[in-house]
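Data first, discussion second: the structure below is written as structure tokens.
A short reminder: the numbers here are calculations on the coordinates, not readings from a lab. These numbers were taken from a predicted model, which means no experiment stands behind them. In this analysis, Cβ positions are derived from the backbone assuming ideal geometry, glycine residues included, and neighbour counts consider all displayed protein chains.
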Amino acid sequence: MADTDTTAQVPVTVLTGYLGAGKTTLLNRILSENHGRRFAVVINEFGELGVDNDLVVDADEEVFEMNNGCICCTVRGDLIRIIGGLMRRKGRFDGIIVETTGLADPAPVAQTFFVDEDVKRATRLDAIVTVVDAKHLPARLKDSSEAQEQIAFADIIVLNKMDLVAPAEADEVERMIKAINPYAEIRRSTKSDVPLDAVIGRDAFNLARILEREPEFLSGEDHHEHDSEVNSVSFEVSRPIDAERFNAWISRLLQEKGQDLLRTKGILHYAGDRRRFAFQAVHMIADGDYIGEAKEGDPRRSKIVFIGRDLNRPQLRRGFEACQVDA
Amino acid sequence: MAAVSEADFLLASRGVAKELGAWVAGAVFDRAGRLAFALADGTLHRHAEEGDWPVAVAHEGGLLSACADAKDGWLSGGDDGRLVRVAPDGMVTQIADYRGKWVDHVAAHEAGVRAAAVGKAVHVLGVAGAALKSLAHPSSPGGICFDAKGKRVAVSHYNGASLWFVGAKEDKPRLLEWKGSHHAIAFSPDGTHVVTAMQEPSLHGWRLADGQHMRMSGYPTKTKSLAFTARGRWLATSGAESVVLWPFFGGGPMGKAPTELAGGDEVMCSAVACHPQHEVVAAGFGDGLVLITEVASGKVVPVAPPRGSAVSALAWDAAGARLAFGTEAGFAGFVDLSRR
């Protein structure tokens, strides 16, 4: 008799958000909803969590630098330890939720899922969900780099406390969010009342879905009135990509500018290959794979998105364009 | 091992094994040679010659770490925050409750001392259960171990390891510094070296006499299991597609290449255990294969065939006659090598 399969990956949802944005309310909502799923929840302080079937793990955020010559490569040591312990008892829960402290930079959490071999084997990052306070976000974005990073890293943004803002104010906040991260899905809410399936089971880090959502750029590529240091740029090219040129360019770029590049995503059509290549990076840590062929008749355009600080748009554009095969 | 038939494995002729149903966190012989398997579901299964193996429920949640208790029986820590003793007759006694925190690592020494890593602290307790001291660390310990005499406890953590004298009046550690996150830790049998396994993946060692650093690298995956051979000449380690042994003699391991044994199957070694007397190493692999290999000759003796799940626990008894093993999927057993 063969041993039972222990390889199924457990989905992990990372819940971030500035202090007072409504993170704990959302967590309580997820845990108390009658969904029949059991979660292991990693939190930083025991709050008033209503948990019966769920396992709550109290952790201190321990951010460790990796000794791999990459200064921005940090991981959450406590998560590696905790996930290692939880994975010995698979079947006890259906998913893991990691709540970060309000002032946390989401990068170490995200990088943990790319860097640690055991965590990678046992789990997959499902989505980074950021809860923001519609009323106070504009002020936070001005004075807090963490608040900007939490938006930049988000796959889903719960725009909370909608009851406290006028419709025009809400639209303005959405515009600010999209200027930082046009790829995040925004869910407006009051008292964090979003449906569970809006935040759990999103599979947002799946390479095959990486650029599935078309960004909602509000003003084309010309939104130059920056509300925050963190911005995004995206480029599309029509000629096939030369794999060698792209690899050389992106490796050097991530090496040199990785600290400022928070998230990078791309879908590439390599010359002579019918398949599409999906690519993503968190700071300097990159991951990529073929994700199947493009639909017959679809334009074979390659696309890349950068979310980060001090993005040199013309330079990035020239760099990406030069990765195409010669015309 | 592909050409080896089931019957060639020692388990078939000299062993006993069972499906226990949960991740084997520890195969542990107590000080009197009684064998028990500590499972991640919180239970401890004691081997019995006849009939079913009695089960003790040590933890309400998951069991994270287990070892032989100081005098007899077993000691375990769990994610229920409890430090628990299971007596040879199976009676479970709670020694301490650190509610809200995980008891990640436990260790004990026959000199009559126990240690439990909880949060960022290592609590030192006596055999009667009294808390003797609480040692604070800059981050959560990745591993703890006593030296051969039970006088010092070494604790690995972020950016190095701390060395504490258990009986010291004033608790001030000797800090062994090295940048990075350190996990599994081992003392050389003569107490002159401390070695840790790192996140990177590589090993780091310190020669305690002069603080000399030793870097041992080249692993494809993290080393989770490391052990010195009986007289401390070799350090056996997991984390590669063979058993990697570093020489701790003739000026090594600095500038020396490690010896690699029992490789060739392209499966990672997941656990090692050194024979208590001879330069013989038992190794478990990612596919469940267990084998014994002699360092001098490199000769390999197959113990248990691969069943698909990684070996997560491996231990010799003090006499070196029995070798116990367990896998992540809960298959556990032992072989008896004593003369018949």
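Observations, loosely collected:
- Comparing A:Ala40, A:Val12, A:Val237 along the charge dipole axis of chain A, the residue lying farthest to the positive side is A:Val237, per the Cβ-charge model.
- Under a 5 Å amide H cut-off, with hydrogens placed 1.01 Å from N, A:Asp260 pairs with nothing among residues at least 5 apart or on other chains.
- Around the amide H of B:Gly119, modelled in the peptide plane, lie the amide H atoms of B:Trp102, B:Asp104, all under 5 Å away and 5 or more residues distant in sequence or on another chain.
- Environment charge of B:Asp265, counting only residues whose C-beta is closer than 13 Å and scoring Lys/Arg +1, Asp/Glu -1: -4
- Placing +1 on the Cβ of every Lys and Arg and -1 on the Cβ of every Asp and Glu, with nothing else charged, gives segment B:94-204 a dipole about its Cα centre of roughly 280 debye.
- Its relative contact order, with pairs defined as Cα atoms under 8 Å and 6+ residues apart, puts chain A at 17 percent.
- Assuming charge only on the beta carbon of Lys and Arg (+1) and of Asp and Glu (-1), the dipole of the protein assembly as shown about its Cα centre is about 1520 debye to the nearest 20.
- Here the Karplus relation 6.51 cos²θ - 1.76 cosθ + 1.60, evaluated at θ = phi - 60°, turns the backbone of segment B:276-286 into coupling constants of x, 10, 9, 7, 10, 10, 8, 9, x, 10, x Hz, with x for every Gly and Pro.
- Our Cα-only numbers for segment B:1-87 put the radius of gyration and Dmax at 14.7, 47 Å.
- Taken residue by residue and averaged, Cβ atoms of other chains lying within 10 Å of the Cβ of B:177-190 number 2.
- Rg followed by Dmax, in Å, when segment B:188-254 is reduced to its Cα trace: 11.2, 33
- Comparing B:Thr196, B:Thr43, B:Thr259 in a Gaussian network model of chain B where C-alpha atoms under 10 Å apart are linked, the largest mean-square fluctuation is found at B:Thr259.
- Projecting the Cα atoms of B:Val24, B:Leu176, A:Val57 onto the dipole axis of the protein assembly as shown, where Lys and Arg carry +1 and Asp and Glu carry -1 at the beta carbon, places B:Leu176 farthest toward the positive end.
- Counting all C-alpha pairs of segment A:10-205, share separated by more than 21 Å (%): 49
- Whether chain A is rounded, prolate or oblate, judged on the alpha carbon gyration tensor where a/c under 1.5 counts as rounded: oblate
- Isotropically averaged projected area of segment B:274-340, using the convex hull of Cα atoms (one quarter of hull area), nm²: 4.4
- Under the criterion of Cα pairs below 8 Å and six or more residues apart, the relative contact order for segment A:230-321 equals 41 percent.
- Within the listed set A:Arg88, A:Arg76, A:Arg300, the Gaussian network model of chain A (springs between alpha-carbon atoms below 10 Å) gives the highest mean-square fluctuation for A:Arg88.
- Equivalent-ellipsoid semi-axes of chain B, from the Cα gyration tensor, Å, largest first: 29, 26, 17
- Database remark: amide H of A:Val56 closer than 5 angstrom to the amide H of A:Val41 (H placed geometrically; neighbours at sequence offset of 5 or more, or on other chains; Pro and chain starts carry no H).
- Shielding by partners, peptide A:78-87 (average Cβ within 10 angstrom, other chains): 4
- The helix-only estimate of mean residue ellipticity at 222 nm for the protein assembly as shown, built from DSSP H runs of length n ≥ 4 each weighted as -39500 (n - 2.57), is -4000 deg cm²/dmol after division by the residue total.
- Our coupling estimate for segment B:58-67, obtained by passing each phi through the Karplus curve with A = 6.51, B = -1.76, C = 1.60 and θ = phi - 60°, is 8, 9, 6, x, x, 8, 9, 7, 9, 8 Hz, Gly and Pro reported as x.
- Length-normalised contact order for segment A:37-190 - Cα pairs under 8 Å, 6+ apart - percent: 19
- Hull-based mean projected area of the protein assembly as shown, where the convex hull spans the alpha carbons, in square nanometres: 32.9
- With the alpha-carbon atoms of segment A:230-321 aligned to their principal axes, the span from lowest to highest coordinate is 38, 23, 20 Å, starting with the largest.
- Segment B:310-318 - phi-based ³J(HN,Hα) in whole Hz, Karplus 6.51/-1.76/1.60, Gly and Pro as x: 5, 6, 10, 8, 7, 7, 9, 7, 5
- log10 of Debye I(q)/I(0), alpha-carbon scatterers only, for segment B:1-149 at 0.11, 0.15 Å⁻¹: -0.44, -0.74
- Dipole moment magnitude, nearest 20 debye, chain A about Cα centre, only Lys, Arg, Asp, Glu C-beta charged: 680
- Within segment B:183-340, the proportion of C-alpha pairs whose separation exceeds 18 Å stands at 55%.
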